[in-house]
Amino acid sequence: MKTPPSPPGAERTYGASVQIGALVPLTRPGWVEAGRHLLAGLELAVGDVNDAGGIGGRPLELVVRDTAADPQKAAAAVDELAGLGVAALAGEYHSVVARAAAARADALGLPFLCSSAVLDALTEQPTQWVARLAPAQSHGWQIYADFLLGAGRSRIAVAAEPSVYWASGARVLRDYLAPRGATVTELDMRALAPTAVCDELVSNGATAVLLLVGHPEPAMSIVGSVRRDRRLTEIMIGAPAGQPELAEWARSLGDDGAAIPFLRYLPERLGPLGARVETALRERLAEAPSFVAFEGYDTLAVLAEVLRSHGADRARIAESWPRVAVEGTRGQIRFSRTPGISVWQWAWPPIQVVDRDPAQPDRFRVLHTG
């Protein structure tokens, strides 16, 4: 197997590289744009680590594998990377894929720092091998539910596709909103065309419809249908999973893609490290970096510090999760055991509900903070 070229700055280091396996969706049906941002953050952090002398003088190297939103492909990649001798795994965006990767990493005794997946049950049983940066779905989506109530939206419809992730999200919303006097009605997108969704929304008297569906389709078609229906001019379209965050959304939907609130995991203001990383990511991506890119950077920043402090032994890496204290781009990162969460969890990264400004769709408005 041909060894990839060393990352920028590796000439300042010596000795065999320390390898980190990176799981990223880079082809369809994965969300390719999210994968591109995640990988940009991972790669930028590797370059920064190597410019600073690497890991005890050894260069840090990413070994990237495309998961394509396929759990089986991800599990096979974990097996391959474990066999190649990587010290740890990083990355993955899609929750269902990350769950498969986490299960395999746990079985193999391979440390996995998950960047972006939010599904609460990332592993079936508590594990010492897996840690996570992104907030658990139950935490973030309850903040989103608070936003809906504050905006006076109490009759909620969820346009949902079958998936463990979407079903979990709908359950979080229902369990949180029902005791507070709101209703959640599920629309099965296996049975409804996007245009038929509008009739259901009217008949249910919905004041908000949430997109618990794949991107770009059917999410974009549902948005187009609702925006064109004069009966629904007052309804809120929401996307708690964050589909409007990436530039592809605005490019494809234009004005129709604005004013759709979603969750993102950024502070109100970035500190000096975050601001420097934002500038570098913008240059690398040739567009504004999403929160997913910052998650990628922070993942490698944490792993690099763990490797410097505890070495590349897999068991020692896993044992170090509760002792991590790393200044990331979005605040200090520490891991703890959180009730109901089976992995070591950063509790919590900053959480915002934002949308794209109708007057300037490339600008984000902060509507609510967690």
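The values are calculated or read from the model by the stated rules, or taken from the named source; none is laboratory data. Because the structure is predicted, anything quoted here is derived from the model rather than measured. Glycine gets a Cβ as well: all are built from the backbone with ideal geometry, and neighbour counts include every protein chain shown. To get the accessible areas, we keep the full protein, side chains included, count just its heavy atoms, and leave off ligands, DNA and RNA. Shrake-Rupley method; radii C 1.70, N 1.55, O 1.52, S 1.80 Å.
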**OP:** Between ASP146 and ARG363, take the C-beta separation as r, use R0 = 30 Å, and let me know the FRET efficiency to the nearest 0.05.
**Re:** 0.80
Original post:
Sorted by packing (mean other beta-carbon atoms within 10 Å per residue), highest first, where do 133-145, 270-282, 31-43 land?
Top reply: 31-43, 133-145, 270-282
Original post:
Going by average Cβ neighbours within 10 Å, how do the peptides 89-99, 313-323 rank, with the highest at the top?
Top reply: 89-99, 313-323
Original post:
If you take the Cα atoms of the stretch 222-370, find Rg, then find the Kirkwood Rh from the mean of 1/r over all pairs, what is Rg/Rh?
Top reply: 1.06
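When the gyration tensor of the stretch 13-166 is built from Cα positions, what are the square roots of 5 times its three eigenvalues, in whole Å, from largest to smallest?
32, 17, 15
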Original post:
How far, in nm, would the chain grow between LEU84 and GLU234 when pulled straight, counting 0.36 nm per residue and subtracting the alpha carbon separation?
Top reply: 48.5 nm
Subject >> Heavy atoms of ASP146: accessible area, 1.4 Å probe, square angstrom to 10 >> reply: 60
Original post:
Rg and Dmax of the stretch 149-211, Cα atoms, in Å?
Top reply: 11.5, 32
Subject >> Fraction of accessible area attributable to carbon and sulfur, the chain (%, probe 1.4 Å) >> reply: 50
**OP:** State in Å² the accessible area per residue of the chain; use a 1.4 Å probe, count heavy atoms of protein chains only, and round to the nearest integer.
**Re:** 40
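Given the rule -39500 (n - 2.57) for each run of at least 4 DSSP H residues, summed and divided by the residues of the chain, what is its mean residue ellipticity at 222 nm, to the nearest 500 deg cm²/dmol?
-12500 deg cm²/dmol
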Original post:
Between rounded, prolate and oblate, where does the stretch 301-350 land on the alpha carbon gyration tensor, with a ≥ b ≥ c its root eigenvalues, rounded for a/c under 1.5, else prolate if a/b exceeds b/c?
Top reply: oblate
Subject >> Whether the chain is rounded, prolate or oblate, judged on the alpha carbon gyration tensor where a/c under 1.5 counts as rounded >> reply: prolate
Original post:
Rounded to the nearest 5, what % of the DSSP beta bridges within the chain are antiparallel ones?
Top reply: 30
